[in-house]
Structures are given as structure tokens and as C-alpha cells.
Amino acid sequence: MQVPKVVALGANGSFYILFPDGEEVWEGIPTWLHNKINGRNNAGHAPVSYLALGIENDDAFVEFEDGRCYWEGLEDFDVQGDVGKLSFGPDGAWFLAEKGDGFTWYNLPDRLVRRLKGRQSWLPELKRVEMDENGGYWAQFADGSTWFGGLDDGLTSVLQENTVKDVVLGPDGRYFVKSANGRMFWRTSNSFTNSIHCRRHLDPSEIRYTQRSISQYFSDEDYGTIFDLEYALRWGELDAEVEVDPIRVVWDEGVWWSLDNRRLWAFKESESIAIIQGSLILLFTVVIAATSIRPKAA
């Protein structure tokens, strides 16, 4: 599972996800933003580098890798430098942290403003603020320390029990949390969860076995032995997408585990030979199993 590079949660269940490999997934985003992203992608222009969704109406902000920025719903807003992080809040509120130093805001929650006014000026600078529609907030400072308040009990527990690297707050109690050790926590739609988990292709090196040994024979006689399948995959005699059943995998303790160890062996072996020969890396279809497992062996 790749940890997303950018996550945005917006009004009416909308979301946007950008993965480190450039893959994008979005749902329900404002029409103007959808058209802007699609238009630039189709024209071969610079891809998205950062995006934020508002918790009200069609509010949103997007920055592309060529530095161009577009937005709706940001009162008294002007981009003077490179955008680091930007977030929306209720009643037109927003917070902008520029890359490097410097930040500006408009109409932050009163409880957060009161705390900031009482903070000593020599302490680390404010670098990030996330807001929900009820005045709840999460704030992060340059030294990694955080403040939060007005959030529901479930999210508060996650923030208290983990060293948090990043938080995204959305309306209707939705959130996404990234911890310092790479773990992710979220409460949002099933579509968002499927977008995070159910990516159809994985590199075989990302998946571990769940048995110490395997039989060379498949229960499906069409495959023959694991050596037959490996040979067919290596020399292109089988289409992995069409003619080989998906490998079932489970995400557990930060690792993908296979429930189909013989097919995994064949893919791993065929990939290693393909790389030596300078061919393309083989990728294969996976199915996310519905239940978790306790691995027998790494």
C-alpha cells in the first residue's frame, strides 16, 4: 500500500488522492476543479503538486508543478510565494503556510486564535492548521509539536495515541491521519477506502508469503506446476491479467501477505528473471481479502 502524497476531503463526501507514483483518484470534487485537472492532464501540462478542498460549496485550491494556482472561495487571499499547505474552514476561514517560512490566515476558530495569542513569540512557528465545520482544529508547529481541540472522541484518541505527521479534516466528522511510522487512520466513505486499498497491481517484491513451504502442484490442473506457471509468465505464454486468477492479499502490520503462495512464487521468480534479461517488470492483479490473517511466517 502506498502512503498518499496528497489527501483532500471536501463537501458532500468529495475527496482527492494523489499517490507518489502520480496516480490520482477523486470523487465529487467541484466541476470547475475536475475540468481544470482533466484539461491540463489531457493537454500534457504539469501535473498537480498540491490540492485542498473546502468544507463548503465549491471551495477548493489547486497548485500544479509549473507553479500555476487556481482557487475558489478564498476571501482576501493572494499567493505571494510557493504554497506549502493550505486548508479551509467554516465561514470562509483559511490558513496558508508557505514553503520555507511564513504563514497567513483568515477567520480561524476563536479557541485556536486565543491560544495563539497567548503563545510566546520565541517558540517554534506555526506551520499547519486543519479545521472542521464545528470549530474543531488541529495545529502543528515547526518542531513537530501539535495542538488540537474540539474534535470528536475517536479522532482525539488517534491523535493522543500516535506520533502524528499529518492530518486532514473534512466535514461531517471525516478525517485522514498519517502517523510518523507510516500508519494511516481515516473515517470517510467506502469509495475513499477502496481507493486507498484496492489498487489492482503490486510489485511481487511488496508481498510476503504466509507459509514456510509450498507444494509444486496447483489444485487447478490447468496451471500444472509452479515451474510451468513461472515459465509461461517469463516467456509471455500467459496473459497475467486475463489467464491467471488474481492473487488474494491481506494488509496486516504494514505488510502485504499472500493467500495464494504458489502463484506468488511463480510471479516472484518470473519477475527476477525478467529483470535480469532487461525485460519489463511483471505486475499482476490482486484481490484484497475481506478478513485479516495472522501470518504463519515471513
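The values are calculated or read from the model by the stated rules, or taken from the named source; none is laboratory data. In this text, all values refer to a predicted model and were calculated from it rather than measured experimentally. Note: ideal-geometry Cβ built from the backbone for every residue, glycine included; neighbour counts use all protein chains shown. Areas reflect the complete protein model, heavy atoms only, side chains present, ligands, DNA and RNA absent. Shrake-Rupley method; radii C 1.70, N 1.55, O 1.52, S 1.80 Å.
Over the Cα atoms of region 92-170, what is the Rg over Rh ratio if Rh follows Kirkwood?
Numbers: Rg = 12.3 Å, Rh = 13.1 Å.
Answer for region 92-170: 0.93.
Excluding same-chain neighbours fewer than eight residues apart, the aspartates and glutamates reachable from K117 by a Cα-Cα span under 16 Å are E125.
Test of the criteria: in region 69-131, which trypsin sites (Lys or Arg not before Pro) are in a DSSP loop and have at most 14 other Cβ atoms within 10 angstrom of their Cβ? Before the final figure, lay out each step's value.
Values: sites: K85, K99, R111, R114, R115, K117, R119, K127, R128; in loops: K99, R119.
Hits after loop and neighbour filter: K99, R119.
Amide H contacts for R208 (H built 1.01 Å from N in the peptide plane; partners 5 or more residues away or on another chain; cut-off under 5 Å): W256, W257, S258.
Please report, as a whole percent, how much of the solvent-accessible surface of region 45-199 comes from carbon and sulfur atoms (probe radius 1.4 Å).
Numbers: 3120 of 7530 Å².
The value for region 45-199 is 42 percent carbon and sulfur by accessible area.
Across region 61-75, coupling constants 3J(HN,Hα) worked out from phi with the 6.51/-1.76/1.60 Karplus curve, θ = phi - 60°, read 9, 9, 10, 9, 5, 8, x, 6, 10, 9, 7, 9, x, 10, 6 Hz, and Gly and Pro carry x.
The trypsin sites (Lys or Arg not before Pro) of region 151-222 that meet both conditions, a loop assignment by DSSP and at most 11 other Cβ atoms within 10 Å of the site Cβ, are R212. In summary, the lysines within cross-link reach of K36, defined as a Cα separation below 21 angstrom excluding same-chain residues under 8 places away, comprise K5, K85.
For region 15-111, with every protein chain kept in place, what is the accessible area per residue (1.4 Å probe, Å²)?
The answer is 48 Å² per residue.
Using θ = phi - 60° in the Karplus curve 6.51 cos²θ - 1.76 cosθ + 1.60, the 3J(HN,Hα) couplings for region 8-22 round to 9, 10, x, 5, 6, x, 6, 7, 9, 10, 10, 8, x, 7, x Hz; x is entered for Gly and Pro. Region 119-149 and region 37-67 have Cα centres spaced 25 Å apart. Phi angles across region 154-165 convert, under the Karplus curve 6.51 cos²θ - 1.76 cosθ + 1.60 with θ = phi - 60°, into 3J(HN,Hα) values of x, 5, 4, 5, 4, 5, 6, 9, 9, 7, 8, 9 Hz, Gly and Pro given as x. Diagonalising the gyration tensor over the Cα atoms of region 54-210 and scaling each eigenvalue by 5 before taking the square root yields semi-axes of 28, 20, 17 Å, largest first.
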